[in-house]
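Chemist: Provided herewith is a single structure, encoded as structure tokens, for subsequent inquiry.
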Amino acid sequence: MNKLFDLRFVIGCFFLIVGVLLLLYGFFSDATEQSVNRWCGSIFLLFGIIMLVLSTRNNANDTSAH
Amino acid sequence: MHLHFIDYGIIALYFIFVVGVGFVLKKKIKTGNDFLMSNRSIPLWITSLAFISANLGAQEVLGMAASGSKYGFYTAHYYWLGAAIAMVFLGVFMMPFYYGSKARSVPEFLKLRYDEKTRTFNALSFAVMTVFSSGISLYALAMLMQTILGWDFNLSVWLAAGIVLIYTFLGGLTSAVYNEVLQFFLIVLGIAPLVFIGLHKAGGWEGIMHNVDNVKLHLWKGMENAAHNPMGVDAFSLVFGLGFVLAFGYWCTDFLVVQRAMISRNLNEAQRTPLIAAFPKIFMPIIVILPGIIILALQKQFPGFELPKNANGATDYNMTLPVMLSQLYPSGILGVGITALIASFMSGMAGNVTAFNTVWTFDIYQTHIKKNASEKHYFYIGKVTTVAGILISIATAYFARQFNNIMDLLQLVFSFVNAPLFATFFLGMFWKRTTGHGAFWGLLSGTSAAALTYGLTVAEGKGGWIANIHTFYSGTSQAFNIAWIAFTICFIVTALISLVTKPKPNEQLVGLVYSLTPKQKDPTRVWYKNPLWLGIIVLLITLIFNIIFF
């Protein structure tokens, strides 16, 4: 539960899910111009993962509101 | 513009996350202090991003793209001249007084420095402004969704207001601040690909330089005369009106943004909040202004990028970003772009509602209606105020729909109230002789001077309801001139009345006035934790940008 108080975790999850959605849509949709969704999805996914990794590090910049 | 299942999915996901943040934080919020002030416990990176995100409302995102296509690079003055310098001043010079005085709000600082009537004047005008601004945000969101997506006006109003209500009601200020940071990343990451794709399609930087009128690709060229630049302003009113009065008045005294720094964990972080925020702020024109310039280059090369006309038959520049989104984004990323737009509206609304909440509860209710009640009571009042604030916003949105001009009128009145404010704070912090009577009457006469100037001048057919003694080249120029006139009148009246009234004794002004406050000396502090060094770096980068785009 404490993890949910970490804003980096919340933001990481959001962009991870959006990234995966865009990638899946980019690969499986018939529509043209899907390359935009693929590279945007990749960037969002990467950003989400970075945020999640940062949230596992418990340092002085702990984001939970005590 | 037509959305697909994936786009609706992304919008729904965002709604689930913002509401989820409220539910998660609910358990942490136990007192009025937690609810209204986040118990001064928010880390620096969050306060900094929330600081600019509170300002990154729809007016900023849609409005700056619109100004970008109307005025070109000149719009960047709102960032480099109209924000960066004031943010540095707030961080280096003013934050020690706000944070150090332990005031819970900007009006409360006025009470400590001056007196009750000055505080009440500021608190009342601020409360009215925030709650109406929130309503205007809501109205603009619903109108935009109706225009570009065909959504029902009522649905947009109640859905957006309902979501903001849930997360601010449950998690208070912390929830609003957390969501502002999520919104910041969403807006930046959701619109950055638009800039990239647009720039690529327009033929890169070369394509911009080749296809956009050269008059719109400068910052200072033609500023010697209002007739020689697209903004229609001259250098004096730009520098004094926007760069000094309006910028300092907004960034250094508006509780909506200052509140984000006041909830920091310690003074050093409170000081660094606006300074760290200034770094993304000075690069923000890439996200918010550049789309407006890119569309000009695209209009010359491709069909479909023309802006529609509004009800008056004039070009509707506010449609710049929506047109870019519909033309350049395929389904999927389009959902992210639309969510970013919705986020900017909700961020503006939540910021206003939480600031309204704090000021109403502490500066009006606790001061004038019920003093010395229990902590639990003020917590309860904070929650009731949240609901009331949202309901008034909804009413305002419907009112604005009935009377379109009410929006213009409200914004005009806000500008009258805001323009003289910085003179009151500046004199209060740097001249110990300034008195409460001086501040109060200075504010009143500054606001009256603003209204009078508007009544005596005309620009683009507006103003001049008393007489027309001067015609400004543009509405922007009129606004900048009104600002510096109101500031000057407020400054002079405050100073004169202060000289003939009795000042507070020195011992009551320690921590509130510069000359009476012991300077902090911390030689061990590394440069990146030193507000002064950070401020100098911000100003240097800003200067370089001004030279590059001269």
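Chemist: I want the local charge near B:Thr367. Using Cβ-Cβ distances under 14 Å, sum +1 for each Lys or Arg and -1 for each Asp or Glu among the other residues.
Modeler: Taking every Cβ under 14 Å from that of B:Thr367, the sum is +2.
Chemist: B:His218 to B:Trp431: extension gain in nm, 0.36 nm per residue of separation minus the Cα-Cα distance?
Modeler: The B:His218-B:Trp431 span can extend by a further 72.8 nm.
Chemist: Across segment A:41-52, in residue order, what do the Karplus-derived ³J(HN,Hα) couplings come to in whole Hz, using 6.51 cos²θ - 1.76 cosθ + 1.60 with θ = phi - 60° and x for Gly and Pro?
Modeler: Whole-Hz 3J(HN,Hα) from phi for segment A:41-52: x, 4, 5, 4, 4, 4, 4, x, 5, 4, 4, 5.
Chemist: Then there's this: Based on the Kirkwood radius over alpha-carbon pairs, what is the Stokes-Einstein translational diffusion coefficient of segment B:77-169 at 10 °C with 1.306 mPa s viscosity, in µm²/s?
Modeler: Estimated via Stokes-Einstein, D reaches 97 µm²/s.
Chemist: For q = 0.14, 0.26, 0.27, 0.33 Å⁻¹, what log10 I(q)/I(0) does segment B:1-47 give under the Debye formula with an equal point scatterer on each alpha carbon and no solvent?
Modeler: One equal scatterer on each Cα of segment B:1-47 leads to -0.54, -0.97, -1.00, -1.09.
Chemist: Determine one quarter of the surface area of the Cα convex hull of segment B:411-463, which equals its mean projected area, and express it in nm² to one decimal.
Modeler: In nm², the orientation-averaged hull projection of segment B:411-463 is 3.9.
Chemist: Given 5 Å bins starting at zero, what is the percent of C-alpha pairs of segment B:331-487 in each, up to the one with the largest pair distance?
Modeler: Taking every Cα pair in segment B:331-487, the percentages come to 2, 8, 11, 12, 13, 15, 16, 11, 6, 3, 2, 0, 0.
Chemist: Related question: At 0.36 nm per residue, minus the direct Cα-Cα distance, what do B:Asn266 and B:Asp408 gain on full extension? Give it in nm, one decimal, please.
Modeler: 47.1 nm
Chemist: Follow-up question, since we're still on this one. With a point put 7 Å past each Cα toward its Cβ, work out how far B:Tyr380 is from B:Gln508 in nm, to one decimal.
Modeler: Label at B:Tyr380, label at B:Gln508, 3.4 nm between them.
Chemist: Okay, next question. What is the set of long-range amide H partners of B:Ile42 at a cut-off below 5 Å, with H atoms built 1.01 Å from backbone N?
Modeler: It is B:Arg265, by chain and number.
Chemist: Indicate the helices, whole DSSP H runs only, in chain B that combine a mean Kyte-Doolittle hydropathy of -0.5 or more with a Cα extent along their long axis of 15 angstrom or more.
Modeler: Both cut-offs are met by B:5-26, B:58-71, B:116-149, B:153-201, B:267-283, B:290-301, B:333-358, B:375-402, B:405-418, B:436-456, B:475-500, B:531-548.
Chemist: Hey, what number do you get for chain B at 222 nm if only DSSP H runs of n ≥ 4 count, each worth -39500 (n - 2.57), divided across all residues, to the nearest 500?
Modeler: On the way: 23 runs with 362 residues, N = 550.
Using -39500 (n - 2.57) per qualifying helix, the result is -22000 deg cm²/dmol.
Chemist: Once Lys and Arg get +1 and Asp and Glu get -1 on their Cβ, which of B:Leu275, B:Pro291, B:Pro322 lies farthest toward the positive end of the dipole of segment B:255-323?
Modeler: My answer, from the dipole projection, is B:Leu275.
Chemist: Between B:Trp533 and B:Ala395, what is 0.36 nm times their sequence separation minus the Cα-Cα distance? Round to one decimal in nm.
Modeler: 45.0 nm
Chemist: 7 Å from Cα along Cα→Cβ at both B:Asn312 and B:His4: what's the point-to-point distance in nm?
Modeler: Here the answer is 4.0 nm between the modelled labels.
Chemist: Which value results when the Cα radius of gyration for the protein assembly as shown is divided by 2.2 N^0.38 Å?
Modeler: Working: Rg = 23.7 Å, N = 616, 2.2 N^0.38 = 25.3 Å.
Ratio of Rg to 2.2 N^0.38 Å for the protein assembly as shown: 0.94.
Chemist: Report, ordered by chain and residue number, the aspartates and glutamates lying within cross-link reach of B:Lys281, taken as a straight Cα distance under 19 Å and ignoring same-chain residues fewer than 8 apart.
Modeler: B:Glu60, B:Glu180, B:Asp254, B:Glu269
Chemist: On to the next question. Using DSSP to call loops (not H, G, I, E or B), can you name the trypsin sites (Lys or Arg not before Pro) in segment B:1-80 whose Cβ has at most 12 other Cβ atoms within 10 angstrom?
Modeler: Counting only loop positions with at most 12 other Cβ atoms within 10 Å, the trypsin sites (Lys or Arg not before Pro) in segment B:1-80 are B:Lys27.
Chemist: In units of 2.2 N^0.38 Å, what is the alpha-carbon radius of gyration of segment B:10-84?
Modeler: 1.52
Chemist: Give the long-range amide H neighbours of B:His470: residues separated by 5 or more places, or on another chain, with amide H under 5 Å away, using H modelled in the peptide plane at 1.01 Å from N.
Modeler: Answer set, sorted by chain and number: B:Val458.
Chemist: Please enumerate, by chain and number, the lysines with C-alpha under 20 Å from the C-alpha of B:Lys371, excluding those fewer than 8 residues away in the same chain.
Modeler: B:Lys102, B:Lys111, B:Lys117, B:Lys383
Chemist: A follow-up question, please. Where does segment B:156-302 land on Rg/Rh, using Cα atoms and the Kirkwood Rh?
Modeler: On the way: Rg = 19.7 Å, Rh = 18.7 Å.
Computed over Cα atoms, the ratio is 1.05.
Chemist: Ok, one more. Given points 7 Å out from each Cα along the Cα-Cβ axis, report the B:Val500 to A:Leu54 separation in nanometres with one decimal.
Modeler: So the two model labels end up 5.7 nm from each other.
Chemist: Principal axis extents for segment B:409-550, Cα atoms only, whole Å, descending order, please.
Modeler: 59, 50, 23
Chemist: Within segment B:200-229, whose backbone N sits under 19 Å from a point 7 Å along Cα→Cβ of B:Phe302?
Modeler: Of the residues in segment B:200-229, B:200-213 have backbone N under 19 Å from the label point off B:Phe302.
Chemist: I've got another one for you. Which listed residue (B:Ile148, B:Leu512, B:Gly464) has the Cα farthest towards the positive end of the charge dipole for the protein assembly as shown, taking +1 on Lys and Arg C-beta and -1 on Asp and Glu C-beta about the Cα centre?
Modeler: Among B:Ile148, B:Leu512, B:Gly464, the one farthest towards the positive end of the dipole of the protein assembly as shown is B:Leu512.
Chemist: How big is chain B by the Kirkwood estimate over distinct Cα pairs, in Å?
Modeler: After inverting the pairwise mean of 1/r, the radius is 23.9 Å.
Chemist: What's the magnitude of the charge dipole for chain B around its Cα centre, counting Lys and Arg as +1 and Asp and Glu as -1 at the beta-carbon? Answer in Debye, nearest 20.
Modeler: My answer is approximately 1680 debye.
Values quoted throughout were computed directly from the atomic coordinates according to the rules given, and no laboratory measurement underlies them. In this text the structure is predicted, and so the values were computed from the model without any measurement. Using ideal geometry, Cβ is built from the backbone for each residue, glycine included, and neighbour counts are taken over all protein chains shown.
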